[in-house]
There are 2 protein chains.
Amino acid sequence: MNSEKAKWIWYPGDFEIECANKFMTNRYERDVFIPPFWKLYSCHKNVKFVKNFALAKGEKIRIRAEGKFNIQINGGYVYNFDGTLELGSGNWEMVISIYNDKGIPALYVEGDTVFSDESWQVTCNDHKYFSARTDEELVHGNSTPNRVKLPVREYKPERILERDGRKIYDFGKEIFACVRFSEAHKESGATVYYGESLCEAEDIGHCELLSADFRRSGGSLTTKIAKAFRYLTTEGLSFSELTALSEYLPMEKKSYFRCSDDLLNEIYEKAEYTLSLNTREFLIDGIKRDRWIWSGDAYQSYLMHYYSYFHKSVIKRTMSALFGCSPFELYLNHIMDYSFFWVMGMYDYFQYTGDARFVGENLSKAFEVMEYALGRTDENGLLDSRKEDWVFVDWAELDNTGEVCFEQILLIVSLRDCAELAEAFGETARAERYSGLLKEKMQKLELFWDEEKRAYIYSRKEGKPDGKILRHPNVFAVLYDVCGEERKNFIRDNVLKNDEIPAITTPYMKFYEFAALCALGEQEYVLREIRNYWGGMLKEGATTFWEAYDSRETGPEKYAMYGRKYGKSLCHAWGASPLYLIGRYIVGLTPAGEEFLLEPVLAGLDSFEAQMPLREGSVKISVSKEKIAVYSDRMYGTLRAGGKSFRIVPGKIKEVAYS
Amino acid sequence: MNSEKAKWIWYPGDFEIECANKFMTNRYERDVFIPPFWKLYSCHKNVKFVKNFALAKGEKIRIRAEGKFNIQINGGYVYNFDGTLELGSGNWEMVISIYNDKGIPALYVEGDTVFSDESWQVTCNDHKYFSARTDEELVHGNSTPNRVKLPVREYKPERILERDGRKIYDFGKEIFACVRFSEAHKESGATVYYGESLCEAEDIGHCELLSADFRRSGGSLTTKIAKAFRYLTTEGLSFSELTALSEYLPMEKKSYFRCSDDLLNEIYEKAEYTLSLNTREFLIDGIKRDRWIWSGDAYQSYLMHYYSYFHKSVIKRTMSALFGCSPFELYLNHIMDYSFFWVMGMYDYFQYTGDARFVGENLSKAFEVMEYALGRTDENGLLDSRKEDWVFVDWAELDNTGEVCFEQILLIVSLRDCAELAEAFGETARAERYSGLLKEKMQKLELFWDEEKRAYIYSRKEGKPDGKILRHPNVFAVLYDVCGEERKNFIRDNVLKNDEIPAITTPYMKFYEFAALCALGEQEYVLREIRNYWGGMLKEGATTFWEAYDSRETGPEKYAMYGRKYGKSLCHAWGASPLYLIGRYIVGLTPAGEEFLLEPVLAGLDSFEAQMPLREGSVKISVSKEKIAVYSDRMYGTLRAGGKSFRIVPGKIKEVAYS
């Protein structure tokens, strides 16, 4: 039997939905379980797989399913099925119906020439048939669609500290793991207390995470759910040894960046580690909290991935899980802006990967999001904030009532992206519709331009501009190029580099602010800021980057957030944004259709060397004050340096000396 | 704690969907599992219950949930929850979030004054809140929303037969039960073989049902799934005693009918028993097969129920389960006609029960069905048969391609029903829309009237009448009153009482044919047919009525159907239609707004006595050739007899003597 070719198969979308449900329902605040506070979907329950095939000679076929099932061969049921079927030569139609009330109905068929794969058709019994889906990354070996087991890396504590007679185990860096206690005995109420920081682990009455559920296997006890920690301490447990079992998604390292500044190199490396911990079955926000898939956070992670692991499968899974099921009746994660980021993420995915299959299969979802949003514009044709829509923008003191400029810009960018995607996929009428709407919304954006202050105002209330100038809309107007070169310069001077405009404080929004500054040629300024901000976290002993950071907070208050002493996540995906900023604006690699564009910027560095992935290829570059050398393994591209353009041909090193 | 008032609560629709999925996935053909071949839905997974209340004094509240959950009190999580919560006096907001990946997220709260009931609000986290739902009939005592246990009636075999050295246990009548074997031992391959008929039980190689899965409890073995049988035999099992454990839905007997004809009395009684076996958590088609909820079958069961058990709860559950979840994107059970029967069933439910709450809550679903169907009319404004739509009509040799007259009539009746319901529930614009469409479709129906043959033709193919005269459309035109009195008489003479028109052979369609004949005043003819057809089954030894019957089949071939020796169901809900025919057309009770109309017909009988339920009341009647006596306990009504009308006042016996 051909076990190499056989794959578990299921109905499109089912795996992403169920796997995400499982992943996202492991958030706890101490003993309190916290499910996502948005709608969760279900997989299909009752599906039918169909395959027509011809056998030149007889063959034994092994069939397994998750769920109750039956097999029809050429229209007749197979009675007394014992796991294996023998078919003679000839033409066969195999129909396998599966009902699963506890998870994904899934199928595994393994013969010499017949095996389950994406060539099978599947229906949820609504008359529509699709190619069955697989996940070669997560579902193979011991994993089944309903029980994914990631590989495990074992860690031992690097040192043991004593605090008030209590042992605290320090693993030396942030990890995300279950813990196995060998030769273990437990008393009632036995508990493991975790800390991302030492003081959190010491403070067992307030630490965010604890485990009181264990699995026994032989003499050892293992905690049931992987949690985020660097330190841990125990109560009511005796054991000879403890081991952290860190599940991880195997990923190839596809990028490197090494420059003349060691601090920047360390920041780059810790950012990579931060992103890798937050890259599991899905791209999550943080490993301590929320362990959820947030579309706005994920959008930044996609962009970071394009300049690091370039792990396409996790991006696809994340986008599918986020969308859930049609019809689209609710903004993603309830948040208006996060819904646009999903659309923009689809556009970027196509640019960076060229994966027409995934985009083609999911494009209608992007259009569904657009139609939903367009259906919610007010009498002025603008997006306003309704009671049930969460207009998030940023964790900051923002008044997001009325018509918020930021959202109009995201609508415009999404329309532009959708028009282009529709065109690329041959949906001409739709492309025209969105192009027309784009023009209309661009005109409406003028309502937010303050000609006196030469910047975009934050919002309009009851039809009138609020006159407030804040960074958010202006950052996005520059970054997504909706305002023309002249205004960009006004915005730089009047907003971005104006200290009187309230500073952006979250790393989430700093991602965009720094990107916008880079887009304006301010790479040197941005590198300085990165050194300060991320360097500041390193000084505080960070082994991964944080959800938020304020250099003025140096005591334990730096770990507090959301009104809780240790509420802040110290390993947060959006903390890894230097990956993107460096890859996109220092190394300067961007997709340009089927080719690439490379615009390296030294930005005050003496030199750097880097390798960055793109589509199926990879681009290496070394830059010093004297010269640039570029090597692309598979793609054609253009190097822009010193005001000139140079053609890059794959397989050939291109060297350019500055004159 | 107030356990009397506390009820399990859940999100609207979840219970019906999951309970139906569980029920319908117990169909087996020997060892082959057969799931429904239409789309099955899921309950919500992630819901939130909310209740605001004030406590005059402190109170202990016990909280249980199905699924993982948390509790928020006035916005704060409850940590270290041990099953009970103590709250002091004051105002409280309790929010309980539940995630359940294995079934319905459900809640049970039990305090002195605080308890879970329909006053709680619930959301699936889409910002929409609804009153939580309960099911007092099925979910109480030891039953939970995810595990419904019906009460059990025990039966012992009435006699033991010996056939080829094998013992065959005869329970004397058809039952639907698990079987417990006391002091039992089993060999590998131990199996119970069932028969609705003796020859089925004897024929262990071909009988439809068998059980090879047992639950052990102490010394006894019990089969896992209730099956339909009168006879059983075993292999590989030794035991001291066996007991059939028949689960049943407790129902009050709300009607009786006793007339001067004993055969008719026996038919009525066996019909009641047939319907009761097919009335479980839902109204199913047959207990041996399919054990599924089919909308067309259920529609007839609703009508039978109005003249027998009047068990509203099972009708409501059945309608909810059939519809599943919005959006409506597929005909019910894939069948066009069955979708209209759902709409018509809603209308009838409102007429017979006056239950404005259920109808109000579900009316939008009826409109969804209508809009779906209206969206599928062809360029002539008629319903045509598309590849993916199953135009069923009847199990008979029918060519249902093209524009089938039967479906146009059902569309018309549904439009008329919806227009009336929309009007009654204050949806004026919609009522007007449907009234307008009704007129339009009535005109289009003229395309099917054959002025020469004076009857409706069966269908139109490629825009041309097929000229075929069959009973189906003509029966419906008369019964649902879409053709005027003159045409009704033509139809009676040219079709219904014309032996040259092919006979209807299924009890399913006979339901409508007999009803139409009664509507034309042919009760005496119909009673004769009932005596022949149902009396014929009794002669064959039926203890319940069959899926189909042909008096010419007297050997074992009478049990065959669908190409299988014992494929025919011998306890089929639609076999119980005498309940309806007698109640509706002999007793003659019908709803008339808030009152009733009673038009008894002796139809050749010497006398009858009957009691029939309606809304919250009950009507008793005794009819002889000399006089009629009527007693209504709660409702006003009108008696029509001998061409005159008499006012019936509740609580007073009204006697009318024929002069």
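Read-outs: derived from the displayed coordinates by stated rules, not from any lab. The model shown is predicted, which means the values in this text are computed figures rather than measured ones. Cβ placement follows ideal geometry from the backbone for every residue including glycine, while neighbour counts extend to all protein chains displayed.
In peptide A:118-129, how many Cβ atoms from other protein chains are near each Cβ within 10 Å, on average?
Details: counts 0, 0, 0, 0, 0, 2, 5, 8, 6, 11, 4, 0.
That works out to 3 on average.
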Next item on the list: For a quick protection proxy, order the peptides B:350-356, A:517-523 by their average other-Cβ count within 10 Å, most packed first.
Entry: A:517-523, B:350-356
Item checked: In the stretch B:360-468, trypsin sites (Lys or Arg not before Pro) in a DSSP loop with at most 10 other beta-carbon atoms within 10 Å -> B:K387
Item checked: Exposure proxy order (Cβ contacts within 10 Å, fewest to most) of A:K60, A:K254 -> A:K60, A:K254
Next item on the list: Please give the calculated 222 nm ellipticity per residue for chain A, where each DSSP H segment of at least 4 residues contributes -39500 (n - 2.57) and the sum is spread over every residue; nearest 500 deg cm²/dmol?
Entry: -9000 deg cm²/dmol
Next item on the list: Kindly give the distances from B:P12 to its copy-mates, label point to label point, with each label point 7 Å from Cα along Cα→Cβ, as nm values to one decimal ordered shortest first.
Entry: 3.2
Check: Counting Lys and Arg as +1 and Asp and Glu as -1, what is the net charge of the other residues whose Cβ lies under 12 Å from the Cβ of A:D355?
Finding: +1
Check: Rounded if a/c is under 1.5, else prolate if a/b beats b/c, else oblate: with a ≥ b ≥ c from the C-alpha gyration tensor eigenvalues square-rooted, which is the stretch B:204-305?
Finding: prolate
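In the stretch B:121-162, what chymotrypsin sites (Phe, Trp or Tyr not before Pro) fall in a loop by DSSP, with at most 16 other Cβ atoms inside 10 Å?
Values: sites: B:Y129, B:F130, B:Y155; in loops: B:Y129.
Loop-located and lightly packed - B:Y129.
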Check: Where a Cα-Cα gap under 23 Å defines reach, which lysines qualify for A:K186, not counting those fewer than 8 residues away within the same chain?
Finding: A:K156, A:K167, A:K224, A:K227
Check: Using θ = phi - 60° and the Karplus form 6.51 cos²θ - 1.76 cosθ + 1.60, what ³J(HN,Hα) does each residue of the stretch A:392-402 get, whole Hz, x for Gly and Pro?
Finding: 8, 6, 6, 6, 6, 6, 10, 9, 9, 7, x
Next item on the list: Determine, for the stretch B:14-131, the count of lysine pairs separated by eight or more sequence positions (or lying on different chains) whose alpha-carbon distance falls under 28 Å.
Entry: 26
Check: Mind checking the mean number of beta-carbon atoms from other chains within 10 Å of the Cβ atoms in B:89-102?
Finding: 2
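So, counting K/R as plus one and D/E as minus one, what does the shell of residues with Cβ under 11 Å around B:N333 add up to?
Numbers: positive: B:K39; negative: B:D285, B:D290, B:D297, B:D337.
Neighbourhood net charge equals -3.
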Checklist line | Cα centroid separation - the stretch B:21-38 against the stretch A:300-327, whole Å | finding: 38 Å
Next item on the list: Distances from B:E452 to the same position in the other copies: list them in nm, one decimal, shortest first, using label points 7 Å from Cα along Cα→Cβ.
Entry: 8.7
Checklist line | Straight-distance crosslink candidates among aspartates and glutamates, where the alpha carbon sits under 12 Å from B:K254 and sequence neighbours closer than 8 are dropped | finding: B:E272, B:E616
Note to self: Tell me whether the stretch B:412-464 comes out rounded, prolate or oblate; compute the Cα gyration tensor, take square roots of the eigenvalues as a ≥ b ≥ c, and use a/c under 1.5 as the rounded threshold.
What the structure shows: prolate
Next item on the list: Could you please point out the chain B residue with its Cβ nearest to the axis of the rotation taking chain B onto chain A, and the distance in whole angstrom?
Entry: B:S42, 2
Notebook entry, point to check: Using θ = phi - 60° and the Karplus curve 6.51 cos²θ - 1.76 cosθ + 1.60, what whole-Hz ³J(HN,Hα) does each residue of the stretch A:82-95 get, with Gly and Pro shown as x?
Noted result: 10, x, 9, 10, 10, 10, x, 5, x, 9, 9, 10, 10, 10
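Would you please calculate the Kirkwood hydrodynamic radius of the stretch A:426-508 over all C-alpha pairs and express it in Å, rounded to one decimal?
Numbers: mean 1/r = 0.0709 Å⁻¹.
Result for the stretch A:426-508, one decimal place: 14.1 Å.
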Next item on the list: Sort A:S622, B:S301, A:S577 so that the residue with the fewest other Cβ atoms within 10 Å of its own Cβ comes first and the one with the most comes last.
Entry: A:S622, A:S577, B:S301
Checklist line | Distance histogram for the stretch A:589-657 (every C-alpha pair counted, 10 angstrom bins, percent rounded to whole numbers) | finding: 21, 60, 18, 0
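Which order do B:K288, A:K7 fall in if you start with the one that has the fewest other Cβ atoms within 10 Å?
Placing the least packed residue first, the sequence is A:K7, B:K288.
Net charge near B:K7: determine it from the other residues with C-beta under 15 Å of the C-beta of B:K7, scoring Lys and Arg +1 and Asp and Glu -1. Don't jump to the answer; show the numbers that get you there.
Numbers: positive: B:K5, B:K51, B:R62, B:R64, B:R133; negative: B:E4, B:D14, B:E66, B:E110, B:D117, B:E118, B:D135, B:E136, B:E137.
Summing Lys and Arg as +1 and Asp and Glu as -1 gives -4.
In peptide A:26-37, what is the residue-averaged number of other protein chain Cβ atoms found within 10 Å of each Cβ? Intermediate results must be reported in sequence, preceding the final value.
Working: counts 1, 0, 2, 3, 3, 6, 9, 9, 5, 14, 4, 5.
Per residue, the number of nearby Cβ atoms from other chains is 5 on average.
Trypsin sites (Lys or Arg not before Pro) within the stretch A:500-552: which are DSSP loop residues with at most 12 other Cβ atoms inside 10 Å?
Values: sites: A:K510, A:R528, A:R531, A:K539, A:R552; in loops: A:R552.
For trypsin sites (Lys or Arg not before Pro) across the stretch A:500-552 that sit outside H, G, I, E and B with at most 12 neighbouring Cβ atoms in 10 Å, the list reads A:R552.
Kindly point out which whole DSSP H helices in chain B project their C-alpha atoms 24 angstrom or further along the helix axis while averaging a Kyte-Doolittle hydropathy of -1.0 or above. Don't skip to the answer; put the middle values down first.
Values: long enough: B:336-353 (26 Å, -0.01); B:356-374 (26 Å, 0.21); B:405-424 (29 Å, 0.94); B:428-445 (25 Å, -0.97).
Helix filter hits for chain B: B:336-353, B:356-374, B:405-424, B:428-445.
Under the classification rounded if a/c is under 1.5, otherwise prolate if a/b is larger than b/c and oblate if not, where does the stretch A:152-247 fall, given a ≥ b ≥ c as square roots of the Cα gyration tensor eigenvalues? If you can, show how the numbers build up before the last one.
Numbers: a/c = 1.44, a/b = 1.17, b/c = 1.23.
It is rounded, given that a/c, with a ≥ b ≥ c, falls under 1.5.
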Next item on the list: Pop out the ³J(HN,Hα) list for the stretch A:134-141 in order, Karplus 6.51 cos²θ - 1.76 cosθ + 1.60 with θ = phi - 60°, rounded to Hz; leave Gly and Pro as x.
Entry: 9, 9, 5, 6, 9, 10, 7, x
Check: Measuring from a point 7 Å out along Cα→Cβ, what nm distances, shortest first, does B:L198 have to its partners in the other copies?
Finding: 9.0
